[in-house]
1. With (1) within 30 Å of residue 277 (Cβ to Cβ); (2) at pLDDT 95 or above; (3) in contact with a helix residue (DSSP H, G or I) (Cβ under 9 Å, 6 or more places away or on another chain) as the list, and residue 170 as the residue in question, which single condition is left unmet?
2. For the stretch 14-29, state whether one or more residues are part of a loop (DSSP other than H, G, I, E, B), surrounded by 18 or more Cβ atoms within 10 Å (Cβ to Cβ), in contact with a helix residue (DSSP H, G or I) (Cβ under 7 Å, 6 or more places away or on another chain) and at pLDDT below 85.
3. What number goes with the only condition from (1) under 17 Å from residue 188 (Cα atoms); (2) modelled with pLDDT of 90 or more; (3) surrounded by fewer than 24 Cβ atoms within 10 Å (Cβ to Cβ) that residue 248 does not pass?
4. What number of residues within the stretch 155-169 are assigned to a helix (DSSP H, G or I), surrounded by 15 or more Cβ atoms within 10 Å (Cβ to Cβ) and out of contact with any strand residue (DSSP E or B) (no Cβ under 7 Å at 6 or more places or on another chain)?
5. Do we have any residue at all in the stretch 231-251 that's more than 15 Å from the chain's Cα centre (by Cα), under 24 Å from residue 132 (Cα atoms) and in a helix (DSSP H, G or I)?
6. I'm told residue 239 meets every condition in (1) surrounded by fewer than 24 Cβ atoms within 10 Å (Cβ to Cβ); (2) modelled with pLDDT of 95 or more except one. Can you identify the failing condition by its number?
7. Among the candidates 56, 60, which residue alone is surrounded by fewer than 16 Cβ atoms within 10 Å (Cβ to Cβ) and modelled with pLDDT under 80?
8. Could you check, for the stretch 134-154, whether at least one of its residues is over 14 Å from residue 91 (Cβ atoms), in contact with a strand residue (DSSP E or B) (Cβ under 9 Å, 6 or more places away or on another chain) and outside any loop (DSSP other than H, G, I, E, B)?
């Protein structure tokens, strides 16, 4: 058996032995957004370092813990932080937690991130539902032998971000009084932030936000047949004509400030999934 598949099975079996409920929905939180889901009922919390084969976060703003339990009666698994390509992890390692979720039976995946906003209509603290992404990392987690029981050799990406989930999130945001933007996310490898010339290029090719995560996880989730919802928190504004330095500390602070609205939105979406609101 392929070693990657062995690791996924080992990790899934370990977690399965600890869980009271098989998760239906997975959530991955971004930089500074570890509290974006809030407390769960019957919660199990574990450090990534204590989970066999699990990649461990090394970045500020990623607490590196896994939480599982129920949210309004709906079984969920929440990653409080993630790993990135720029930390030196391979694409397969970055997406490893999604493979584990697949093995545990997760059908819906909510991926959040902290992103730089390039759309002139965006403001710091805005939330954006991802309509599509542009993979500029030069990487793909599906390179290599395909495992047909995991997914097809050539997964279709025309609707990588589930349209029904996006509509559900817009309805939920409206009922909560949250102004939810929509746009395209550009995924870069990082860790250096973008130059003004790069921002102009990204805007020219149709990107509204930019960040260093999400794309690897989304590709694997689509390959696994999951329905994906992507949510970006706009933590800083990238204006190439008025470039301003952005520090990690400021990005984390902005994410923390926006986390309560993201928390309310994710909880509302999960509740609606649990109620069968998706076609």
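1. It is condition (3) that residue 170 fails.
2. Looking through the stretch 14-29, none of the residues is part of a loop (DSSP other than H, G, I, E, B), surrounded by 18 or more Cβ atoms within 10 Å (Cβ to Cβ), in contact with a helix residue (DSSP H, G or I) (Cβ under 7 Å, 6 or more places away or on another chain) and at pLDDT below 85.
3. That leaves (2) as the condition not met.
4. 1
5. Pass one, the stretch 231-251, residues more than 15 Å from the chain's Cα centre (by Cα): 235-251.
Next, only the ones that are under 24 Å from residue 132 (Cα atoms) stay: 235-240, 251.
Retained after the next criterion (residues that are in a helix (DSSP H, G or I)): 251.
Among the residues of the stretch 231-251, at least one is more than 15 Å from the chain's Cα centre (by Cα), under 24 Å from residue 132 (Cα atoms) and in a helix (DSSP H, G or I), which makes the answer yes.
6. For residue 239, the failing item is (2).
7. Values: 56 fails: modelled with pLDDT under 80.
Of the residues listed, the single one that is surrounded by fewer than 16 Cβ atoms within 10 Å (Cβ to Cβ) and modelled with pLDDT under 80 is 60.
8. yes
The values are calculated or read from the model by the stated rules, or taken from the named source; none is laboratory data. On a predicted model such as this, the values are computed, not experimentally measured, just so you know. Note that each Cβ is placed from the backbone with ideal geometry, even for glycine, and that neighbours are counted across all protein chains shown.
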